[in-house]
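Read-outs throughout are calculated quantities, based only on the coordinates presented, and are distinct from any laboratory measurement. Just so you know, these numbers come straight off a predicted model, no measurement behind them. Backbone-built Cβ (ideal geometry, glycine too); neighbour counts: all protein chains shown.
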Amino acid sequence: MEAVYSKLEGVKSVAPGYAGGTKLNPTYEQVCTGNTGHAEVIQIDFDPQKTSYETLLDWFWRCHDPTTLNRQGGDIGTQYRSVIFYENEAQKTTANESKKDAEKSGMFDAPIVTEIATLPEFYPAEDYHQDYYSNNSNAGYCTYVIRPKLAKLNLE
């Protein structure tokens, strides 16, 4: 998702990281065990004069499968759950409305299982995860997962 949001107008920065768990300052290896309760997430800093929270949510529904519980593609575990963390009541309301709209849109063949919850502490991922696609565009995951997704979304 970092690669998708990084290409959107009005997005200032995208930081991969971890949120929603109980371990303080978790590492990637700890999160991968599925025992910390954290999800792999991105934190987006955007200019509301150039893009809206609603637009970011529209892209959220388009760029992953929100119908699979604790899974994204071949990646399985609670760390891969579909989740939107909100910072205030306005974002909570907007996220819930966006989810309802996505459910009614007919985009998905199964019910949406995305969790919507208060933003807990966000822990930035290790440096080697930051700007992953830009820094590793020829890596297997980038070649076979990210690049086709960007092409499908007309972002590359």
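Got a sec? Charge dipole of the stretch 2-152, +1 on Cβ for Lys and Arg, -1 for Asp and Glu; which of 48, 128, 105 is way out at the positive end?
Of the listed residues, the answer is 105.
How far is the Cα center of the stretch 85-108 from the Cα center of the stretch 31-50, in Å?
Here the two parts' Cα centres lie 17 Å apart.
In whole angstrom, and with the biggest value first, how far do the Cα coordinates of the chain range along each principal axis?
Principal extents (largest minus smallest coordinate, Cα): 36, 36, 34 Å.
Between residue 131 and residue 89, what is 0.36 nm times their sequence separation minus the Cα-Cα distance? Round to one decimal in nm.
Details: separation 42, 0.36 × 42 = 15.12 nm, distance 3.01 nm.
Once the chain is fully extended between residue 131 and residue 89, it gains 12.1 nm.
Do any GluC sites (Glu not before Pro) in the stretch 82-117 lie in a loop, going by DSSP, with at most 10 other beta-carbon atoms within 10 Å of their beta carbon, and if so which?
In loop regions of the stretch 82-117 (DSSP not H, G, I, E or B), the sparsely surrounded GluC sites (Glu not before Pro) are 87.
I want to check a number: in the chain, how many lysine pairs have alpha carbons closer than 20 Å, given a sequence separation of 8 or more or different chains? It would help to have the intermediate numbers written out before the result.
Numbers: 7/50; 7/149; 7/152; 12/50; 92/100; 92/104.
Going through the chain pair by pair, I get 6.
Per 0.36 nm of contour for each residue apart, how much would the distance between residue 115 and residue 30 grow if the chain were fully extended, relative to their Cα-Cα spacing? Intermediate results must be reported in sequence, preceding the final value.
Numbers: separation 85, 0.36 × 85 = 30.60 nm, distance 2.16 nm.
Extra length from residue 115 to residue 30 when fully extended: 28.4 nm.
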